[in-house]
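Report on one structure; see the data block that follows.
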Amino acid sequence: MAIVAPSLLAADFLHLSNECTLVNNSQADWLHLDVMDGRFVPNISFGLPVIEQVSAIVTKVCDVHLMIEEPEKYAEAFKKAGADHLTVHFEVCRNLHRNIQQIKELGMKAGVAINPHTPVAALQDILHEVDIVLVMSVNPGFGGQKFIPHTLVKIQELRKMINERNLQVYIEVDGGVTLANAKQITDAGADVLVAGNTVFKSADPVATIAALKSL
Ligand code: DX5
Ligand code: ZN
C-alpha cells in the first residue's frame, strides 16, 4: 500500500484547522508542507509560523519540502516548528552531504529532492545517507500542474539503484499525481504519493485519500 501525503498547498487557507482535522480523520500517512522562497522557485507559499500551528494539531507525520535556497540556515527552525521530515533540493545544495548530516543530527528524517532535469544518477554518492528521495514530477513552484511522463523512467531507475544496494530509502513522487496515474507511479517503484489538488479539490477528500492508498 502506498504512503499517501496530501499537500497542504491546495488546501483552503481560510479554514486550515478544518483541513487539518480532515487529514487527521483520513488514512493519510504524512502531511506534505511546501515551503517556497520566490528565489529557487518563482512562487512564495507559507513558512515557519504556519507550519508551527499546523504541526501542533496534525497527528500525521509532518513532511516538509523546502523549495528554498540556503536551506541550512533554517533547518533548526523547521525542527522547532514541528517538522518530522526535512527535504532539501539537490540543485541548491553545494554541500549536500553536510546539509543531510545537519538534518539527521537535528533528529529529522532527511530527504533530497530532484527537479525533472536532474538525473537520478547524480544521487549515486548520497543515496546511502538519505531517508527519502523526492522525485519532482512537475517543475516545482505550483500545484495543479500536469505530471511529466518521463518521471516514470526516473522512478524505475531509482528503485533499481536502491534495491541493488539494499538501501532503505523512500521514493516520494510530487506533482500532478491523480487517481488516474497513481497506480503507474507505484508500479514504477514509488513508495509515497504526494497529492495536492487531487485530494483537496475533490468532492470527498477523505475518500480520495483512501482511494489513493488502495490503488
Ligand atoms: C509543487 C509542490 C507540490 C504541490 C503538488 O512545487 O512541491 O507538493 O503541492 O500539487 P499537485 O498535487 O496539485 O500537483
Ligand atoms: Zn512538494
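FYI, it's all coordinate maths here, none of it is from the lab. Treat the numbers as computed from the prediction; the structure is a model and nothing was measured. Methodologically, a virtual Cβ is constructed for each residue, glycine included, from the backbone with ideal geometry; neighbour enumeration extends over all protein chains shown.
Details
- Residue exposure sequence - His65, His150, His85, His128 - by fewest surrounding Cβ within 10 Å: His150, His128, His85, His65
- The Cβ shell under 13 Å around Asp34 holds other residues with a net charge of -4, Lys and Arg each +1, Asp and Glu each -1.
- Whole-percent pair-distance distribution, where bins are 10 Å wide, for the alpha carbons of the stretch 1-74: 19, 52, 26, 4
- Alpha-carbon centroids, the stretch 95-146 and the stretch 14-39: separation in whole Å: 20
- Panel order for Asp174, Asp84, by other beta carbons found within 10 Å of each beta carbon, from fewest to most: Asp84, Asp174.
- Counting DSSP beta bridges with both ends in the chain, the antiparallel % (nearest 5): 5
- Per-residue ellipticity at 222 nm computed for the chain from its helices equals -9000 deg cm²/dmol, with DSSP H segments shorter than 4 residues left out and the rest contributing -39,500 (n - 2.57).
- Semi-axes of the equivalent ellipsoid for the stretch 3-214, Cα gyration tensor, largest first, Å: 24, 21, 15
- Order of Leu14, Leu22 under a 10 Å beta carbon neighbour criterion, fewest first: Leu14, Leu22
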